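Asks: One structure, pasted below without further comment.
None of the figures in this text is laboratory data; all of them are computed from the coordinates on show. Computed from a predicted model, the values in this text were never measured in an experiment. For neighbour counting, all protein chains shown are included, and Cβ atoms are generated from backbone atoms with ideal geometry for every residue, glycine included.
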Amino acid sequence: MNRGNNNSKFWVMNSYLVFFVSLCLCAFVPFLLTAGCVQNKSYIKPYNYQANREAVLVYEKALVYEKEGNFELAIAEFRHYLDYYGTIYHANESQLKIAEAYKTLSQWDEAISNYKIYIKKYKESEKIPEVMFQLGECLETTNQWQKAVSVYKNLIKNYFSTVWSQKAQDKITEILKKFPKAQWARKEKIAVRTLVRTMSRK
């Protein structure tokens, strides 16, 4: 009889304990979420403008800095946008604007790095031919002639029907004229001529 009473008391105590733990968790978990202990970035609902007003404000703030010519602050805000809201709209534009800002500031290594990130991350973007052309220009500016030619050749090969393809051909011609006696330049001249001929037949 005593054993039965003890079992009853045991289960009652367990029930109270479970209820108490559950109550504590319900109260404490939201606090963790709010304080950033569980997640340190804003919750984003893709393509929901109203739910992402903060994201839009960050992007618009970056645009204002860019328009004012304050490119350092513009870069910082575009990076902020990518860090916290990079899965929604304006992510590709932010990445491109970072690259362009660095180019404007003549920070060539950073510009090259960010153009490459854009090309790798946003392969389906209609801006890719233009971005590749700008990357080539940055490589030229830093005297990376062969890498520039390689980028221009890829542009011609993959986007032959665009205006950027013709511009890339002109750029290659200008580069190769700088190295009339270089063996690599002679090989590239033949390779580009063959590439253009092949693409024209498609």
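Asks: So which residues in the range 80-95 are within 10 Å of the chain's Cα centre (by Cα), part of a helix (DSSP H, G or I) and surrounded by fewer than 21 Cβ atoms within 10 Å (Cβ to Cβ), if there are any at all?
Replies: The answer is L82, D83, A91, N92, E93.
Asks: Could you please give the count of residues in the range 104-118 that are farther than 12 Å from Q144 by Cβ and among the β-branched types (V, I, T)?
Replies: The total comes to 2.
Asks: Right, V131: β-branched (V, I, T), crowded, with 17+ Cβ neighbours inside 10 Å and either touching a Ser or Thr at 6+ places or on another chain (Cβ under 8 Å) or not in a helix (DSSP H, G or I) (or both) or not? Walk me through it before giving the result.
Replies: Values: β-branched (V, I, T): yes; crowded, with 17+ Cβ neighbours inside 10 Å: yes; either touching a Ser or Thr at 6+ places or on another chain (Cβ under 8 Å) or not in a helix (DSSP H, G or I) (or both): yes.
Criteria met by V131.
Asks: Of E110, E124, which residue is surrounded by 15 or more Cβ atoms within 10 Å (Cβ to Cβ), of a type in the set (D, E, K, R) and out of contact with any Lys or Arg (no Cβ under 7 Å at 6 or more places or on another chain)?
Replies: Answer to the check: E110.
Asks: Mind checking which residues of the range 53-72 are surrounded by fewer than 16 Cβ atoms within 10 Å (Cβ to Cβ) and part of a helix (DSSP H, G or I)? Give the steps one after another, and end with the answer.
Replies: Here is the first cut: in the range 53-72, the residues surrounded by fewer than 16 Cβ atoms within 10 Å (Cβ to Cβ) are 53-54, 57, 60, 64, 67-70, 72.
Across the range 53-72, the qualifying residues are R53, E54, L57, E60, V64, K67, E68, E72.
Asks: Take the residues of the range 96-107 that are of a type in the set (D, E, K, R) and closer than 16 Å to P129 by Cα: which is surrounded by the most Cβ atoms within 10 Å (Cβ to Cβ)?
Replies: K97
Asks: Moving on to the next point. From the residues in the range 148-179 that are small (G, A, S) and assigned to a helix (DSSP H, G or I), which one is nearest to Y115 (Cα to Cα)?
Replies: A148
Asks: If you take the residues of the range 96-144 that are among the charged types (D, E, K, R) and under 24 Å from L176 (Cα atoms), which of them is nearest to the chain's Cα centre (by Cα)?
Replies: Checking each candidate, the answer is K116.
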